[in-house]
1. Show the residue pairs that are 6+ apart or on different chains and have beta-carbon atoms under 9 Å apart, the first residue being within region 174-199 and without any contact (Cβ under 8 Å) to a residue 12 or more places away in the chain and over 13 Å from E143 (Cβ atoms), the second being surrounded by 13 or more Cβ atoms within 10 Å (Cβ to Cβ) and of a type in the set (F, W, Y).
2. Filter region 98-123 down to the residues that are crowded, with 16+ Cβ neighbours inside 10 Å, out of contact with any Leu (no Cβ under 8 Å at 6 or more places or on another chain) and hydrophobic (A, V, I, L, M, F, W, C) and list them by number.
3. Restricting attention to helices (runs of 4 or more DSSP H) lying wholly within region 62-145, give those where 2 or more residues are among the aliphatic types (A, V, I, L, M) and farther than 30 Å from L181 by Cβ.
4. Kindly indicate whether A37 is of a type in the set (G, A, S), touching a Leu at 6+ places or on another chain (Cβ under 7 Å) and buried (at least 19 other Cβ atoms within 10 Å of the Cβ).
5. Quick check on this structure: which one of Q126, Q131, Q88, Q64 is modelled with pLDDT of 95 or more, of a type in the set (S, T, N, Q) and surrounded by fewer than 22 Cβ atoms within 10 Å (Cβ to Cβ)?
6. Give just the number: which of (1) of a type outside the set (F, W, Y); (2) within 22 Å of D15 (Cα to Cα); (3) not assigned by TED's automatic domain parsing to the domain that holds I59 does R97 not satisfy?
7. Is there any pair linking a residue in region 149-170 that is touching a residue at least 12 places away in the same chain (Cβ under 8 Å) to one that is among the acidic types (D, E) and not in a helix (DSSP H, G or I), with Cβ under 8 Å and at least six apart or on different chains, and which?
8. Test R44 against the stated conditions and say whether it is without any contact (Cβ under 8 Å) to a residue 12 or more places away in the chain, basic (K, R) and at negative phi.
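The values are calculated or read from the model by the stated rules, or taken from the named source; none is laboratory data. Please read all numbers here as calculations on a predicted model, not as lab measurements. Neighbour counts are summed over all protein chains in view; Cβ atoms, including those assigned to glycine, are modelled from backbone coordinates with ideal geometry.
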Amino acid sequence: MTDSDMLKRTIEAIDQANLQDPNEEMVGHQSLPKEYAYSQHMTRWLFELEPEPSDRMQIACRAQHIERWTMPRSDYGEGRKNYLLWRQMCGRMHGRRAAEIMAECGYPKEECERVETILTKRKLRQDEDTQLLEDVACMVFLEKYFAKLYDDKPDYDREKWLHIVRRTWDKMSPRGHEAALKLAEGLPPHLLAVLQEALAEPEA
């Protein structure tokens, strides 16, 4: 089996898994399973940031939220500590599932383990692939979910939003920053104002 065949089979298997998501997201005028839609956003931004991505990065981006609905946030209780625990457990699950699918599609063990490491984000800032995955995820958040989160959280005060933007910005590389600033030109005025204020006054 050729490398292109393995990649195609792996991407198709990840898509089939995410198509089972019972939650929906509107993309244009079409309703899609939420995590399937998310995976499409991830792939699109990957190619925006890296025109010729490796197989492992295409797989990692497609599997960033694989089957996330099976691990609900509500199972982990309230508060930031529990939120971070949930995120950590999700990352481990996503990495494990991606590695399992890759192995089934013929990838060698070391490549499966490499993608698993990327998805757990254990080496953020130390590993170029892991950092690229984070840049892609941040771009998807800013483009597709920032506005919705803002509308869904009217109880968040200005400082909370500034903190969210700064935290997102701090996770990104210079390449991600450049793409984010370009994207920001098309943000609604109230979100652009939050972004500009957050970047003008770094958090103490």
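1. Correct list of pairs: H177/W169.
2. Once the filter is applied, which keeps residues that are crowded, with 16+ Cβ neighbours inside 10 Å, out of contact with any Leu (no Cβ under 8 Å at 6 or more places or on another chain) and hydrophobic (A, V, I, L, M, F, W, C), region 98-123 yields A99, I101, M102, C105, C112, V115.
3. 80-104
4. It is false that A37 is of a type in the set (G, A, S), touching a Leu at 6+ places or on another chain (Cβ under 7 Å) and buried (at least 19 other Cβ atoms within 10 Å of the Cβ).
5. Testing whether each residue is modelled with pLDDT of 95 or more, of a type in the set (S, T, N, Q) and surrounded by fewer than 22 Cβ atoms within 10 Å (Cβ to Cβ) leaves just Q131.
6. So R97 meets the others, but not (3).
7. Cβ pairs passing all conditions: L162/E201; L162/E203; H163/E203; R166/E203.
8. Yes.
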